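Derivation of every value follows stated rules applied to the coordinates shown; laboratory data play no part. What you see is a predicted model, and the numbers here were worked out from it, not measured in a lab. Methodologically, a virtual Cβ is constructed for each residue, glycine included, from the backbone with ideal geometry; neighbour enumeration extends over all protein chains shown.
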Amino acid sequence: MRKLKHLLLLSATMLSLAAASCRNEAPVVQKTNSQEASTNEPSKETSTAKRLPTFSADSALLYIRQQCDFGARVPNTEAHEKCADYLKSKLTQFGAEVQMQKFEATAFDGTKIKGTNIIGSIYPEKGTRIALFSHWDSRPFSDQDDEKYFRTPVMGANDGASGVGVILELARLMQSQAPNVGVDIVFLDAEDCGNAHGDEESWCLGSQYWSLNTQLPKKPTYGILLDMVGGDNPFFGVDNTSAQYALNVVNKVWSVANSLGYSKYFLNRTTTQMIDDHVFINRDAKIPTIDILDFSPTRGFPQVWHTHNDTPENISKRTLEMVGNTLTNVIYRE
Ligand code: AHN
Ligand code: ZN
C-alpha cells in the first residue's frame, strides 16, 4: 500500500532479452575478512584466458560503513562535506583523476543546496569508456516511516552508500588489474531531496546539473546507475527508461547476471516509469544508461526505504557480491 502510491504502475510484462544462458555457475569465491581486501596477486595462469579480479563484498561493506560513519550525508551538513572529502580521497587512492563539480540548486521547499558531483576517471587515456553512476547524498527526511521520524534524515546505507560502496570496490580492482576499457565514475549529489508528492524535477538535482554540464573528454559508450543495491532478496527489474534508451545494455548486464546464476534476482521483467538519475542522464547527457534498482511491482521499494532502518546492519553482503560480480564480469568482458 505505502510506497506505491506515487508511482505509475504498469503491468509487468516479459521482455525478450537476448539469449540469456542459465548455467548457474558458482560465483567467484570471496574472502571472508571484514577488512578492505588486499591487492589481488597478479594471475599466475599461463593460459590466454584472462582471470577476473575478485570482487570483495567485505571491502564494499567497509566503504558503506565508512560513509555512514560520517552520519547522514544531507546536503549543507558537516557529514556531507566530510564524506565528499572521503570520496575524493578514495578515488584518488585508487588512481582515478578526480574532479569536484560544484553546483547550486534550490530544493522544492526553497532550501538553497550547495552540491558536489564527484567524478573519477580511471585510465583516462583509454579511448573506449563506460560510466558508472550512483548518488551519494542521503534524504533529509524519513517520510516513509512513522510520523515521529519524518524529520529524521535517512542514513542511506542502502539508499546512497551501497551503490557508492560497490563502485569504490570496482575502482580498487581496476587499479590492480586494468580492464580494456576506461571507466568514468560519477557520484551524483542531491538525488534524494525530492518531493514525494510533487514534480519529478525536484529529484536528482546533481544529475540534472551534471547531464547539462558534463566535462568528460570522451563520451562513455554506455552507463550503469546503481541505486539501492544492498538490500536482502532484491528485485532488479527493468524500468521503462532503461528499456527505452538502453535495451542493449540491459540485455548485456542481465545475461551476465544470468550466466552467474542470479536470474532469481535479475528479472527479465519491466517494472514501471521510475524517476531516477538515469532519466536525466539519458535525456540530457545522451549516454544510454540503465538503472540497477531494487523495486518490485508487488512490494515496491525495499522495506527500509526512506526510514530510520536504512542502516549498515540491514545491508546484505550476498546482494553486494551479486551486483559486484555481475559488474566485474561486464567490465572485464569489454
Ligand atoms: C522516487 O521515489 C520518485 N524515485 C525513486 C528514486 C529514488 C529515491 N532512489 C532513491 N531514492
Ligand atoms: Zn531515496
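General observations
- Within the range 160-204, being out of contact with any strand residue (DSSP E or B) (no Cβ under 6 Å at 6 or more places or on another chain), under 16 Å from I224 (Cα atoms) and among the charged types (D, E, K, R) holds for one residue alone: E169.
- For the condition outside any strand (DSSP E or B), β-branched (V, I, T) and within 19 Å of the chain's Cα centre (by Cα), T241 qualifies.
- Qualifying residue in the range 191-200 (condition: within 16 Å of ligand 2 (Cβ to nearest atom) and assigned to a helix (DSSP H, G or I)): yes
- Condition check for Y123: buried (at least 16 other Cβ atoms within 10 Å of the Cβ), of a type in the set (F, W, Y) and under 21 Å from the mean Cα position of the chain (by Cα): yes
- Answer residue from the range 150-165, given it is in a loop (DSSP other than H, G, I, E, B) and of a type in the set (A, V, I, L, M, F, W, C) and is farthest from ligand 2 (Cβ to nearest atom) among those: F150
- Test: residue in the range 223-235 that is outside any loop (DSSP other than H, G, I, E, B) and away from ligand 2 (no atom under 16 Å from the Cβ): yes
- The residues of the range 93-111 that are in contact with a strand residue (DSSP E or B) (Cβ under 8 Å, 6 or more places away or on another chain) and free of Cβ contacts under 8 Å to residues at least 12 places away in the same chain, listed by number, are E104, T106.
- Verdict on P179 being closer than 23 Å to M322 by Cβ, away from ligand 2 (no atom under 13 Å from the Cβ), assigned to a loop (DSSP other than H, G, I, E, B) and not basic (K, R): yes
- From the list I130, I118, the one residue that fits, being of a type in the set (A, V, I, L, M), in contact with a Leu (Cβ under 6 Å, 6 or more places away or on another chain) and more than 16 Å from ligand 1 (Cβ to nearest atom), is I118.
- Breaking point among (1) closer than 17 Å to A84 by Cβ; (2) assigned to a strand (DSSP E or B), for L168: (2)
- Taking the conditions (1) under 18 Å from the mean Cα position of the chain (by Cα); (2) free of Cβ contacts under 8 Å to residues at least 60 places away in the same chain; (3) more than 20 Å from Y222 (Cα to Cα) in turn, I167 satisfies each one other than (3).
- All positions within the range 100-120 that are buried (at least 16 other Cβ atoms within 10 Å of the Cβ), of a type outside the set (V, I, T) and farther than 15 Å from S202 by Cβ: Q101, F103, N117, G120
- Whichever residue in the range 282-305 is buried (at least 22 other Cβ atoms within 10 Å of the Cβ) and in a loop (DSSP other than H, G, I, E, B) and, among such residues, is farthest from ligand 1 (Cβ to nearest atom): I287
- Only listed residue being surrounded by fewer than 23 Cβ atoms within 10 Å (Cβ to Cβ), assigned to a helix (DSSP H, G or I) and of a type in the set (A, V, I, L, M), chosen from V256, V279: V256
- Complete set of residues in the range 60-71 that are within 19 Å of I118 (Cβ to Cβ) and surrounded by 22 or more Cβ atoms within 10 Å (Cβ to Cβ): A60, Y63, I64, Q67, C68
- Pick from the range 77-113, criterion in a strand (DSSP E or B) and of a type in the set (D, E), ranking: farthest from I167 (Cα to Cα): E104
- Within the range 272-290, residues that are within 12 Å of S134 (Cα to Cα) have Cβ atoms under 6 Å from residues that are acidic (D, E) and crowded, with 24+ Cβ neighbours inside 10 Å in these pairs: D276/D227; D276/D291; D277/E191; H278/D291, counting only partners at least 6 apart in sequence or on another chain.
- Number of positions in the range 210-221 that are part of a helix (DSSP H, G or I) and either crowded, with 22+ Cβ neighbours inside 10 Å or basic (K, R) (or both): 2
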